[in-house]
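Engineer: Handing you a structure now.
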Amino acid sequence: MLALCSAALVATACRGGQQSDPVPASLPGSYVYAAKGITLKKPWQFAARIELKPDRSYNFTLDKTLGGEKDPTETSAGTYAISGDHLLIHDAGHGDASKDIHKLLIKSDSLIAEVGWTAEIFLKGVGAPNIVFVKEHRF
């Protein structure tokens, strides 16, 4: 179950090239997602962060707790591209640049993961909200 939750947080894989539209000046920054609930009488909690940098690189962190036990923080880094109103994230830890690209819809100050119907059913089944990363505004 934990692996499925982690996979769902990063969204669904799609195929595509690494060509990119220009990066909007308002896009770089830190985006966060958090969810918690109880499934099969076990509490769970996720906190994820995507840090988009102006140079088209990103860092991703995921903290998760299942049944009261906190797992080590997971991290990944890579590059991103813009295609119309979509953000395409490529994890540098995977060898083939045409695979493991994750797609998020860019909406104002948020990034909405476009997951397939199976991931959507899974999220609803465990009571998790839709995967929407909201931009952090630091004052």
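The values are calculated or read from the model by the stated rules, or taken from the named source; none is laboratory data. A quick note: this is a predicted structure, and the numbers were derived from the prediction, not measured. Neighbour counts run over all protein chains shown; Cβ positions are idealised from the backbone, glycine included.
Engineer: With without any contact (Cβ under 8 Å) to a residue 40 or more places away in the chain, in a strand (DSSP E or B) and either crowded, with 17+ Cβ neighbours inside 10 Å or on the phi > 0 side of the Ramachandran plot (or both) as the only criterion, which of Ile82, Ile112 stands out?
Structural biologist: Ile112
Engineer: Right, next: Considering only residues of region 44-62 that are in a strand (DSSP E or B) and over 12 Å from the mean Cα position of the chain (by Cα), which is modelled with the lowest pLDDT?
Structural biologist: If we take residues in region 44-62 being in a strand (DSSP E or B) and over 12 Å from the mean Cα position of the chain (by Cα), then Trp44 is modelled with the lowest pLDDT.
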